[in-house]
1. Among all residue pairs at least 6 apart or on different chains, which show Cβ distances below 7 Å where the first residue, located in the stretch A:96-114, is away from chain B (no Cβ under 12 Å) and the second is open to solvent by less than 10 Å² (accessible area, probe 1.4 Å) and of a type in the set (G, A, S)?
2. Output the strands (runs of 3 or more DSSP E) that fall wholly within the stretch B:37-110 and possess 3 or more residues being in contact with a Phe, Trp or Tyr (Cβ under 6 Å, 6 or more places away or on another chain) and open to solvent by less than 10 Å² (accessible area, probe 1.4 Å), or say none.
3. What pairs come out if I take residues in the stretch A:48-68 that are within 11 Å of another protein chain (Cβ to nearest Cβ) and pair them with residues that are open to solvent by 70 Å² or more (accessible area, probe 1.4 Å) whose C-beta lies under 7 Å away, six or more apart or interchain?
4. Taking strands (runs of 3 or more DSSP E) that do not extend beyond the stretch A:26-114, which have at least 1 residues that are among the hydrophobic types (A, V, I, L, M, F, W, C) and open to solvent by 40 Å² or more (accessible area, probe 1.4 Å)?
5. Go through the stretch B:46-72 and give me each residue that's of a type in the set (A, V, I, L, M, F, W, C) and more than 13 Å from every other protein chain (Cβ to nearest Cβ).
6. Against the condition at pLDDT 90 or above, surrounded by fewer than 20 Cβ atoms within 10 Å (Cβ to Cβ) and not in a strand (DSSP E or B), how does B:E8 come out, does it pass?
7. Taking the stated definitions as given, is B:Y25 closer than 24 Å to A:R59 by Cα, of a type outside the set (D, E, K, R) and either within 11 Å of chain A (Cβ to nearest Cβ) or touching a residue at least 24 places away in the same chain (Cβ under 8 Å) (or both)?
Amino acid sequence: DTGVSQDPRHKITKRGQNVTFRCDPISEHNRLYWYRQTLGQGPEFLTYFQNEAQLEKSRLLSDRFSAERPKGSFSTLEIQRTEQGDSAMYLCASSGGAGANVLTFGAGSRLTVL
Amino acid sequence: AQRVTQPEKLLSVFKGAPVELKCNYSYSGSPELFWYVQYSRQRLQLLLRHISRESIKGFTADLNKGETSFHLKKPFAQEEDSAMYYCALRGGSTLGRLYFGRGTQLTVWP
């Protein structure tokens, strides 16, 4: 296990297009988080899964955003009808077991909307 | 509402000098505080958490509930400490969700 994996690492798209990011957490972790980070800011919480259940969503997650975690393994974050304001680094993190409150982050997926 | 404030966006010190990165928080309950670090071209990673009361890479941080602070300190900074440091808070009811400060970029000059 090489930690939390995210794909793609970079995505450039035109405004109005849909994009999807994938996150593969550490295999034994049951919790999975999505964060967004813009330049000069710390990570901002988007949503959280425990196993396959999406337990919390931020108000930042507009109806153009949807996240899934089928079968409680990998997760996808889809952004529909992208806007320039969606340009950011999208971070995935996972946690579980004895270290349930310690998040292990992926390298992130950088989105640029032209 | 939970909030984490890191007042310094940039902090520069010379090698061997003491360093203190400030973090203040706002939370009405009993928080759990963390420091995460991001070295150049690496992913965000945990540096230390207050409940562990550990010293990691020479860094320590004490939770001061009276001052609602969790400042990160190191008595003798090293060049390899240059990185972005984020203070983060977890409130008791937020199921592991962390609130992050905006970060402090530490540069240690030789």
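1. Hits for this filter: A:L111/A:A88.
2. Strands (runs of 3 or more DSSP E) meeting the threshold: B:83-90.
3. Pairs that qualify, where the first residue is within 11 Å of another protein chain (Cβ to nearest Cβ) and the partner is open to solvent by 70 Å² or more (accessible area, probe 1.4 Å), are A:Y48/A:L55; A:Y48/B:L95; A:F49/A:L55; A:L55/B:L95; A:E56/B:L95.
4. Those strands (runs of 3 or more DSSP E) span A:53-57.
5. Just the residues of the stretch B:46-72 that are of a type in the set (A, V, I, L, M, F, W, C), to begin with: B:46-48, B:51, B:56, B:59, B:61, B:63, B:70, B:72.
Passing the criteria: B:F59, B:A61, B:L63, B:F70, B:L72.
6. Details: at pLDDT 90 or above: yes; surrounded by fewer than 20 Cβ atoms within 10 Å (Cβ to Cβ): yes; not in a strand (DSSP E or B): yes.
For B:E8, the condition - at pLDDT 90 or above, surrounded by fewer than 20 Cβ atoms within 10 Å (Cβ to Cβ) and not in a strand (DSSP E or B) - is met.
7. On the way: closer than 24 Å to A:R59 by Cα: yes; of a type outside the set (D, E, K, R): yes; either within 11 Å of chain A (Cβ to nearest Cβ) or touching a residue at least 24 places away in the same chain (Cβ under 8 Å) (or both): yes.
Spelling it out, B:Y25 is indeed closer than 24 Å to A:R59 by Cα, of a type outside the set (D, E, K, R) and either within 11 Å of chain A (Cβ to nearest Cβ) or touching a residue at least 24 places away in the same chain (Cβ under 8 Å) (or both).
The values are calculated or read from the model by the stated rules, or taken from the named source; none is laboratory data. Note that the structure is predicted; figures quoted are calculated from it, not measured. Don't worry about glycine lacking a Cβ; one is built from the backbone with ideal geometry, like all the others, and counts go over all protein chains shown. The accessibility values were calculated without ligands, DNA or RNA, using every heavy atom of the protein model including side chains. Shrake-Rupley method; radii C 1.70, N 1.55, O 1.52, S 1.80 Å.
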